[in-house]
Amino acid sequence: MSIIFHEKTKVFHLQNDSISYIMMVLPNGQMGHLYFGKRIHDREGFENLLETAPRPMSSCTFEGDKYFSLEHVKQELPSCGTGDYRSPAVEVKQENGSRISDFQYHSYRVESGKPKLPGLPATYTKDKGEAETLVLNLYDSVTGLWAELFYTIFAQGGILARSIRYCNKGSQPVQLERAMSLCLDLPDCDYDWVQLSGAWARERHVKERRLAMGVQSIGSMRGNSSHEHNPFLILKRPLASEQQGEAIGFSFVYSGNFLMQAEVDAHENARVLVGIHPDTFAWYLEPEESFQTPEALMVYTDSGLNDMSQTFHRLFQKRLARGYWRDRVRPILINNWEATYFNFTEDKLVQIAEKAKECGVELFVLDDGWFGARNNDFAGLGDWRANTERLPQGIAGLAERISQLGMKFGLWFEPEMVNKDSDLYRSHPDWILEVPKRANTHGRNQYVLDFSRKEVVDCIFEMMAEILRKAKVSYIKWDMNRSITECFSKSFGSERQGEIFHRYILGVYDLYERLTSEFPEVLFESCASGGGRFDPGILYYAPQGWASDNSDAVERMKIQYGTSMCYPISSIGSHVSVTPNHQVYRSTPLHTRANVAYFGTFGYELDLNKLTGEEIEEVKTQIAFMKEYRHLLQFGRFYRLKSPFEGNEMAWMAVSEDRKTAVVGWYRMLNVVNDRFTRVKLQGLDKDFCYEISQDGSRHYGDELMNLGLVTSDATAGQTPEDEIPCTDFESRLYILKAVEV
Ligand code: DGJ
């Protein structure tokens, strides 16, 4: 890894074994972009990549020169109004109403490691040698606004982390109306655009289309990163697949409003912008004030999407997630939500826990309904004290009973919300986000607390900490069940109302930081009506997230498959629930429900007392299996083999670091009568190892399994031999592969 500066040509070259990123100071003094892709040799003179031509109708920078036009030049921090008609990365509104800026290169510095982003989640380094950071100092002389552009290149993998810090060193206030974290100008548009999109209960489906001329974008203006679009984007070459080909993944380490956009201009250049959504953002900067953008990540690969995903997985597991749980396998839990909803007593909960303990479950999680007057979703949010009618001994008492069973205890909170029917609202009706004199919109009968205000965050922290200090709580599920509307804070002036969405998220991060600091061994699982805030920002505080409220195994295949494009298996909250399933009323075999949930954190969301004796024996076997293989499943190398978006079958696998063990999951949606013979080509094995396959004890070399494939034929449907279990819809199988001496 190195950061090279060619003084004569003013070219910067960041490189490691995988990638090169090349920029230069342009003839007009601004920063130009030259290359991002597979590592290339360094040399003096990359300035030949500067593309200039005397094109008619172009707006030109220098008098008497028709060649240099910002309309065509690739840039690092493009602004608007001076000849570049593409979307800008920065817009600064000034006292006189102008939005023109001209950020001139001033100087640079190189830091070993990676500086922290104050108040924001970001990837980090442990040892200085893991990464180097180039900081470019740019300066707009009219406003006195400085921009520090941060580029961190990691020693390993094709990763580049970027952010920008603005500081007003002028004498007048300015308003940042747009402050994107990343601009990448690509020299062609021969890409497929892949996004993870959906809605509540069908989050992060893989959607793909050809990049086309004009602007295409995904984003959120809901205050949370959203069920609808994940802050993740892939541009892949049309022929690239899971196994081979070029792709660039973009991920935004942020949990609020975001925009990811690609604009293909008339000359087929593609400009990618990633950052806070400018439509709901403005930041007022008094002299000497500064603003730090969140971090945006780019991962380049020339080895296919699985390679790109594995780079994100390792980065997120090792250098985004933090603390006690970062490297630990996740406890197998049981959550009472789908078992009881709001209808429970302490004894009922203990009965559920007892049966779970008998099966080998390690953690009992009490979901919504334990506090205040919370008998339904009309009341109680904000009153984080146990409802002693339901829990006579409070949370401490229940936690003690659970602990005596030999299990850990976990608890649900929804810290950012309040019901009007609550003591908190009655005492502080002015603490919610709302616009004076305007009607306020509710979601699930609840209102959003103004987390831009420190006193609000302080109060919620104290209520939560009080419980955690007194009761044996080792896990928190942090929920968020509505998006934000009427985003107005009564404690800020009119010039700062554009800041409230971002200040809100900073308040959320602050609460997370305070709780995780005081209670470092508590495992946090994030949730937002399922997967409405499943993003890298939250992953920094909560190493796992409830991926979706949809717990149906078939629906989960798509959700978890899509999620795995960016997020590690150890972060994907996944449970076995009852059939018929509560979201889609589908009945799937118990083994298929587990076979899907294994590729995640794993747990149960049902009352095990209602299962038959035979089913309980199966559950015991499932839990024993997960305990044995969870390290491999959650922290091994994960490969997608067959997409559920493309056919009737899905397959994926996890391989141990030493490649001696692998678990393959194979799934078929609908049964097929008299089907063809099928194979799945495996990946990530050692070609020279001989593997024994659990299903039938057969032995095969790695190269056979990866090139010829694992035989998955099941052509018996309609004619099942008497001694075999008939195959059904929603069938699945696990294959465990172990390297053996031959
Ligand atoms: C939405 C979550 O996603 C569910 O798992 C559950 O916790 C409910 N909220 C409780 O209100």
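The values are calculated or read from the model by the stated rules, or taken from the named source; none is laboratory data. The structure presented is a predicted model; accordingly, all values stated were derived computationally and were not measured. FYI the Cβ positions are ideal-geometry reconstructions off the backbone, even for glycines, and counts take in every protein chain you see.
Numbers at a glance
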| read-out | value |
| --- | --- |
| Which numbered condition residue 643 misses (of (1) out of contact with any helix residue (DSSP H, G or I) (no Cβ under 6 Å at 6 or more places or on another chain); (2) among the small types (Gly, Ala, Ser); (3) closer than 29 Å to residue 742 by Cα) | (3) |
| Of all residues making up the stretch 523-541, the number that are away from the ligand (no atom under 11 Å from the Cβ), of a type outside the set (Phe, Trp, Tyr) and under 14 Å from residue 329 (Cα atoms) | 1 |
| Residue match in the stretch 207-216 (condition: of a type in the set (A, V, I, L, M), assigned to a strand (DSSP E or B) and under 17 Å from the mean Cα position of the chain (by Cα)) | no |
| Subset of the stretch 426-463 (residues that are closer than 10 Å to residue 383 by Cα and either surrounded by fewer than 21 Cβ atoms within 10 Å (Cβ to Cβ) or within 16 Å of the ligand (Cβ to nearest atom) (or both)) | 463 |
| Condition broken by residue 474, with the remaining ones in (1) of a type in the set (S, T, N, Q); (2) farther than 16 Å from residue 380 by Cβ; (3) within 15 Å of the ligand (Cβ to nearest atom) satisfied | (3) |
| Some residue of the stretch 298-305 being under 30 Å from residue 140 (Cβ atoms) and of a type outside the set (Ser, Thr, Tyr) | yes |
| Failed criterion for residue 285 (all others in (1) over 25 Å from residue 145 (Cβ atoms); (2) assigned by TED's automatic domain parsing to the domain that holds residue 159 hold) | (1) |
| Filtered residues of the stretch 446-461 (kept if basic (Lys, Arg) and part of a loop (DSSP other than H, G, I, E, B)) | 453 |
| Any hit, the stretch 406-421, residues being assigned by TED's automatic domain parsing to the domain that holds residue 531, surrounded by fewer than 16 Cβ atoms within 10 Å (Cβ to Cβ) and out of contact with any strand residue (DSSP E or B) (no Cβ under 9 Å at 6 or more places or on another chain) | yes |
| Unmet criterion (only one of (1) on the phi > 0 side of the Ramachandran plot; (2) touching a Gly at 6+ places or on another chain (Cβ under 6 Å)) for residue 119 | (2) |
| Subset of the stretch 206-224 [within 17 Å of residue 249 (Cβ to Cβ), surrounded by fewer than 20 Cβ atoms within 10 Å (Cβ to Cβ) and touching a residue at least 60 places away in the same chain (Cβ under 8 Å)] | none |
| Hey, residue 624 modelled with pLDDT of 95 or more and surrounded by 23 or more Cβ atoms within 10 Å (Cβ to Cβ) or not | no |
| Residue among 87, 69, 20, 79 that alone is of a type in the set (S, T, N, Q), part of a strand (DSSP E or B) and in contact (Cβ under 8 Å) with a residue 12 or more places away in the chain | 20 |
| Looking only at the stretch 39-87, and only at residues there that are of a type in the set (Val, Ile, Thr) and more than 13 Å from residue 26 (Cα to Cα), the one that is surrounded by the most Cβ atoms within 10 Å (Cβ to Cβ) | 82 |
| Among residues of the stretch 7-38, those that are of a type in the set (Ser, Thr, Tyr), more than 22 Å from residue 159 (Cα to Cα) and surrounded by 22 or more Cβ atoms within 10 Å (Cβ to Cβ), counted | 0 |
| Residue ranges of strands (runs of 3 or more DSSP E) in the stretch 646-726 with at least 3 members under 34 Å from the mean Cα position of the chain (by Cα), modelled with pLDDT of 95 or more and surrounded by 12 or more Cβ atoms within 10 Å (Cβ to Cβ) | 649-655, 661-668 |
| Answer residue from the stretch 477-489, given it is within 16 Å of the ligand (Cβ to nearest atom) and not charged (D, E, K, R) and is farthest from residue 434 (Cα to Cα) among those | 478 |
| Qualifying residues in the stretch 325-384 (those that are within 12 Å of the ligand (Cβ to nearest atom) and at positive phi) - the one surrounded by the most Cβ atoms within 10 Å (Cβ to Cβ) | 380 |
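Yes/no matrix, rows are residues, columns are (1) closer than 18 Å to residue 538 by Cα; (2) in contact with a His (Cβ under 6 Å, 6 or more places away or on another chain); (3) of a type outside the set (Lys, Arg):
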position: 237; (1), (2), (3): no, no, no
position: 250; (1), (2), (3): yes, no, yes
position: 282; (1), (2), (3): no, no, yes
position: 285; (1), (2), (3): no, no, yes
